[in-house]
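The values are calculated or read from the model by the stated rules, or taken from the named source; none is laboratory data. Since the model is a prediction, treat every value here as computed from it, not as a measurement. Here the Cβ positions follow ideal geometry from the backbone for every residue, glycine too, while neighbour counts run over all protein chains shown. Just so you know, the surface numbers come from the protein's heavy atoms only, side chains and all, with ligands and any DNA or RNA stripped out. Shrake-Rupley method; radii C 1.70, N 1.55, O 1.52, S 1.80 Å.
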Amino acid sequence: CFSVFKTYFCGGAHPNEDNYAVNYNLNTLKTVSWSEYLLPDKDTMYNERIYAYLTKSEPEYFDESNSSGSADVYLDCNYYQKNLWFDCEFVFTADGVKLLPSFAHYAAFCLEPEWAIIPYSELKDLIKPEYYHKLTRLKN
């Protein structure tokens, strides 16, 4: 598997930035989706698992009561919104699945949160065994 992600900045008063990810199977030279790596009927459980992991690992960003007046500008990203994480762009990394949620251009600073990596071990029972072994052997 080969993964690429890109952020671009067009400049100007109201720039657009975006993240996109492409994951390739180097044997077939075709793009792959995350659902191809999951065991059948595990999509919903995957979404629940990633959200639970993110909530546990970065609780301050997933507390809806945190005020937007905080000194931490990233609290304004509303990372707690589940729809940001479900079916978002992703890349396979040596550390796990890196999630790349999308935001409007005015919230471009929210793109690509460094902490949004789910270790494969957290998803082991959801990933097809033949892929789990390959993913855990990825190198940076």
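Between Ala21 and residues 5 or more places away or on another chain, which pairs have amide H atoms under 5 Å apart, with H built 1.01 Å from N, and which residues are they?
Distant-sequence amide H within range of Ala21: Phe90.
List the residues whose amide H sits under 5 Å from the amide H of Val97, counting only those 5 or more places along or on another chain, with H placed 1.01 Å from N in the peptide plane.
Those lying under 5 Å, H to H, from Val97 are Ile118, Tyr120.
Sorted by packing (mean other beta-carbon atoms within 10 Å per residue), highest first, where do 92-101, 127-136, 35-44 land?
92-101, 127-136, 35-44
What does the accessible area per residue of segment 69-140 come to in Å², with a 1.4 Å probe and no ligands, DNA or RNA counted?
Ligands and nucleic acids excluded, the figure is 54 Å² per residue.
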